[in-house]
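The structure appears right after this line, and notes come after that.
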Amino acid sequence: MAKLEVGETAPPFTLTAADESEVSLSDFAGRRVIVYFYPAAMTPGCTKQACDFRDSLDALQAEGFAVVGVSPDKPAKLAQFVERDAITFPLLSDPAHEVLESYGAWGEKKLYGKTVVGVIRSTVVVGADGKVELARYNVKATGHVAALRKALQV
């Protein structure tokens, strides 16, 4: 699937959260939302990234940003992740990869020197108008939130 470009309308979605509630992109209408895509809950890199977002959440919210994380994990695993690491923003389940694909965050990638198909660690910032403000693909878990905050001037 093609990567999203700045200025495009962000694809709508409704996914199940760790607490079994339904969360839609439209729930954030009129707000800026950081949608980040990660491969697997409770793995070292994904934990680092989620905790970085958790630790930056107050500063991001103060500037009007909401944060949601999306992975192929089932809600029960996401609930364990939320509990274990005190994640304070919605983690959403996309086991069919539909949202991952629509955002360009699913496809071929290199993993330990092999080409595999899976989640491409990515972040898309959706503006209050529903358009893509920023899209970053193949990001590193460590340091990504700091780089994102710098890009967003937060």
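What follows is calculated from the coordinates using simple rules that are stated; it is not laboratory data. Treat the numbers as computed from the prediction; the structure is a model and nothing was measured. Every residue, glycine among them, receives a Cβ derived from its backbone with ideal geometry; neighbour counts consider all protein chains shown.
Relative contact order of segment 14-152, please, whole-number percent, based on alpha carbon pairs below 8 angstrom and at least 6 residues apart. The partial results should precede the final answer.
Values: 254 pairs, mean separation 41.4, N = 139.
For segment 14-152, the relative contact order is 30 percent.
With charges set only on the Cβ (+1 for Lys and Arg, -1 for Asp and Glu), what does the dipole of the chain come to about its Cα centre, in debye to the nearest 20?
Numbers: 17 positive and 19 negative charges, 146 e Å.
With only Lys, Arg, Asp and Glu charged at Cβ, the dipole is about 700 debye.
Quick one: plug the Kirkwood hydrodynamic radius of segment 66-154 (C-alpha pairs) into Stokes-Einstein at 37 °C, 0.692 mPa s, and report D in µm²/s.
Answer from the Stokes-Einstein relation: 227 µm²/s.
Taking the Cβ of Ala151 as the centre, find all other residues whose Cβ is under 15 Å away and add up their charges (Lys, Arg: +1; Asp, Glu: -1). Provide the component values of the computation, followed by the final result.
Values: positive: Arg32, Arg136, Lys140, Arg149, Lys150; negative: Asp52, Glu63, Glu133.
Net charge in that neighbourhood comes out at +2.
Which cross-chain or sequence-distant (5 or more) residues have an amide H under 5 Å from the amide H of Ala10, H modelled 1.01 Å from N in plane?
Result for Ala10 returns Lys131, Val132.
At 4 °C and a viscosity of 1.567 mPa s, what translational diffusion coefficient does Stokes-Einstein give for segment 14-83, taking Rh as the Kirkwood radius over Cα pairs? Give it in µm²/s as a whole number.
Approximately 102 µm²/s, per Stokes-Einstein.
Which value at 222 nm does the chain reach when only helices count, each DSSP H run of 4 or more adding -39,500 (n - 2.57), with the total divided by all residues and rounded to the nearest 500 deg cm²/dmol?
-8500 deg cm²/dmol
If R0 is 25 Å, what FRET efficiency do you get for Ala29 and Asp85 from their C-beta distance, rounded to 0.05?
Efficiency, rounded to the nearest 0.05: 0.30.
With the calculation restricted to Cα positions, what are the radius of gyration and Dmax of the chain in angstrom?
Taking only Cα atoms of the chain, I get Rg and Dmax of 14.2, 42 Å.
Going 7 Å from the Cα of Glu101 along its beta-carbon direction, which residues of segment 117-154 have the amide nitrogen within less than 16 Å of the resulting point?
117-120, by backbone N distance to the label point.
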